[in-house]
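Scroll down for the structure; my scribbles are underneath it.
The values are calculated or read from the model by the stated rules, or taken from the named source; none is laboratory data. Bear in mind that the values here come from a model prediction, so they are computed numbers and not experimental data. Every residue, glycine as well, gets a Cβ built from its backbone with ideal geometry; the counts of neighbours run over all protein chains shown.
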Amino acid sequence: MQNYDHRYLAGILLFNEGAFFEAHEVWEDLWLDTGGEAKRFYQGLIQAAVCLVHLGNRNYRGAARLFESARNYMRAYGNNYLGLDIEDFWRQMEETCKPYLDSANPSSQVPASYPQIRLNPEPAAWPDPYAFLPPES
């Protein structure tokens, strides 16, 4: 059974709720504590989450820049890393983002769907994601 960091899992739950900024916050804390090969993977997830924040704010240039950067970070990990099907994740990201990033006149409508992260294997238990958010200032 895969032993996932609770912050990784908390970020996934937040991301899947559409709380992309909050997912980024939790993953950034994990990224700061991580060395080695996982560091760039987490950086890719962080940038993917912030890409979706920019998309929601209609900052399409910022979203496009982070979309490409995040995908480039995660390419090095093949198709599966820490239980994430990276190919499926980026297929979903493209489905959500490309109509906005590749258009000269993007729609002002919010995307109909957002990516959902699933892990294989599933964790034995999921943490309370809100326990990992930084205290409000």
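Each row is one residue, and each column tells you yes or no for (1) touching a residue at least 40 places away in the same chain (Cβ under 8 Å); (2) basic (Lys, Arg); (3) under 16 Å from TYR77 (Cα atoms).
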{"residue": "GLU25", "(1), (2), (3)": "yes, no, no"}
{"residue": "LEU30", "(1), (2), (3)": "no, no, no"}
{"residue": "TYR42", "(1), (2), (3)": "no, no, yes"}
{"residue": "LEU66", "(1), (2), (3)": "no, no, no"}
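Among the listed residues SER69, SER113, which satisfies the condition of being more than 13 Å from GLY44 (Cβ to Cβ) and either of a type in the set (Gly, Ala, Ser) or at pLDDT below 95 (or both)? Break it down stepwise before answering.
On the way: SER69 fails: more than 13 Å from GLY44 (Cβ to Cβ).
Of SER69, SER113, the one residue that is more than 13 Å from GLY44 (Cβ to Cβ) and either of a type in the set (Gly, Ala, Ser) or at pLDDT below 95 (or both) is SER113.
All told, ALA125 meets the bar of being in a loop (DSSP other than H, G, I, E, B) and among the aliphatic types (A, V, I, L, M).
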